[in-house]
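First up is the structure itself, then whatever we jot down about it.
None of the figures in this text is laboratory data; all of them are computed from the coordinates on show. This is a predicted model, so every value here is computed, not measured. Cβ coordinates were reconstructed from backbone atoms using ideal geometry, including for glycine residues, and neighbour counts include every protein chain displayed.
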Amino acid sequence: MNKNPAVTHSAAKELAMFLFCSTVYRLFSGALLVSLTWTILNQNEGGYWPLALAIFCSFIPAFITPAIIKRLAIRMNGRQMSSWFVFGLTALALVSGVSRDFTVGLLITNLFVWLMIMSLEASLDMWFTQLQRGMDETKVRRISGATTATSQAALMIGPLLAAGLMPILPGMGFSLVLSGGFFMVAAICFTRASLPTVVTETDQVVAPAKLPLTLFIPMVLIWPILGAFNFMLPVYVSNHGWALFELGVLDAVFGMGMALIGVLVIIANTGRNLMAYLSGLIALAVISTSMWLLMPDTLLLKALSLLILGMAFGGARVHIRVAIACRYSEAAVGLYVSRANALATPVLLLILSLQLAMIENAWLLPFLLVTLSVGLLLQTSATRFAQGHSRGEVVSV
């Protein structure tokens, strides 16, 4: 491990830049996604089909994301890719304002927004992998907890930002605010010099057979869980006669739960007892499901249930991120994440179909999927994989 003070200082600055850019990007993307979801839901007087179509089409870009990441990785590192993808969101935020009164326009805009977001998630994981190179796994887990806490806090505030600003910034006003925020992040990423890249790692990809299914399946389920949650929440809010404020609060507390688990990971040093950590996540998922099913339909109790669910889901994402970042190269991480996103699309289609068929109980699926994901991560192969000390086997691409 390089102990050169200049290199260490550079790495610290790069980490700070990563935290800032990923946090602010998620703040504005959370606001943009909630505004799109709510606007689409209200285009057809509360009909659910446009919303279901929007959520499903959101994941169609996942099929081409692996090819995009693989091609761009030849010429760019994760930070450089992230800057271009955020530039794309800058333009799309403006388009969302222009098309706010047209359902088809909103659906197309939503499709391209998700193309940028899915590509960004892969490129940010690549950037994170580059940052953690040479660190021990416990430190990586704490850094991952910090990024999860800050990012989810931003996602928590994003829906509230939309709920607060949309009524007072009619027309293009809200879209201009979002576009300005995205442009700032993109410009900072674009002008910031990155850490040197190790050529031998960017030219290699981990052999696919070496990634355990008990880890890969939860990776595949990440986006379907979010899609199922994004469908069930507006439906639940609309059915109960609530408004955008309640939607923003419930969406925000789910993100708050993910932020809270990130803070707990930093404090508790969970890398030393993964079995206890993952068992605790399952307990949280079961408690959250029981609360939603058995407690009265009040905003406070539903918010508490989603807070706990967010902790379980966020904890699983922290575990997955550290497991792959500590084992594979930057290019391999980007490829695995994009492949998981591609496979997530047919899974999401099945889940949305089930939710439409059982619309009154559409809430149940995201809760069960979180429990399933953590259960798979608890399996011996996934836990042993995450605790390993050697990097994954690689093959040339």
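Rg/Rh for the range 32-76: what does it come to with C-alpha atoms and Rh from Kirkwood? Can you show the working numbers first?
On the way: Rg = 15.2 Å, Rh = 12.4 Å.
When Rh is taken as the Kirkwood radius, the ratio is 1.23.
May I ask for the percentage of alpha-carbon pairs in the range 219-295 that lie more than 15 Å from each other? Intermediate values should be presented prior to the final figure.
On the way: 2043 of 2926 pairs.
Across the range 219-295, Cα pairs with separations above 15 Å total 70 percent.
Going by average Cβ neighbours within 10 Å, how do the peptides 55-66, 171-182, 27-38, 353-364 rank, with the highest at the top? Spell out each step's value before the answer.
On the way: 55-66: 20.3, 171-182: 18.4, 27-38: 24.6, 353-364: 15.0.
Averaged packing, sorted descending, gives the order 27-38, 55-66, 171-182, 353-364.
Rank by packing, highest mean first: peptides 118-129, 214-225, with packing defined as the count of other Cβ atoms within 10 Å averaged across residues. Before the final figure, lay out the partial values.
Values: 118-129: 26.0, 214-225: 22.2.
Order by mean packing, descending: 118-129, 214-225.
Simple spin-label model, 7 Å along Cα-to-Cβ: residue 357 to residue 273 in nm?
4.2
At 7 Å along Cα-to-Cβ for each site, give me the label-to-label distance between residue 298 and residue 187 in nm.
Here the answer is 4.8 nm between the modelled labels.
Once all Cα-Cα distances of the range 207-258 are split into 10 Å bins that start at 0, what whole-number percent is in each one?
In order of increasing distance, the bins hold 21, 38, 21, 14, 6, 0 percent.
Please compute the Kirkwood hydrodynamic radius of the range 20-150 from all pairs of different C-alpha atoms, in Å with one decimal.
16.0
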